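The values are calculated or read from the model by the stated rules, or taken from the named source; none is laboratory data. Please read these numbers as outputs of a predicted model, since none were measured by experiment. With ligands, DNA and RNA removed, areas are computed over all heavy atoms of the protein, side chains included. Shrake-Rupley method; radii C 1.70, N 1.55, O 1.52, S 1.80 Å.
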Amino acid sequence: MPKKKIEPLAVVTSPTEHPETPKRIVAARLDADGYFAGMDELPEADLTDRHLPHVAECDLPPGKYRWVDGAFVHAPRPKAEDLNLTPHAERAIVKGFEAVLAAGIKLPPETVRYVERFQQTPDYATEK
């Protein structure tokens, strides 16, 4: 009986044999406020200005350390009540709803009533 030739299912090659395979690196990622947000493994071409490619290992908890002058510094985020943002945040939300309504997008009636009521308050008229 003749021997049957067995074909391989896949040929495994090394990355050096396929130059189109992008080089992957590990880099620390910062959020929009400069706080450590985690580690990413990504192609080198996908790095953004929020990545720190020279920081390849970091075991700090996300959101508690800020990148300052080339090092992570413990800097807890300020709480909203410490910044006294409540009237500003509420006004910003209402202004956002106004833009949605101006674009012709329907909002639930209770949202429209809330916007109308807030427009009558001193907080709405005050720009700080």
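Tabulated data for the structure shown
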{"item": "Lys23, Lys106, reordered so the largest accessible area comes first (probe 1.4 Å)", "result": "Lys106, Lys23"}
{"item": "Solvent-accessible surface ranking, highest first, for Glu44, Glu90, Glu98, Glu57 at 1.4 angstrom", "result": "Glu57, Glu44, Glu90, Glu98"}
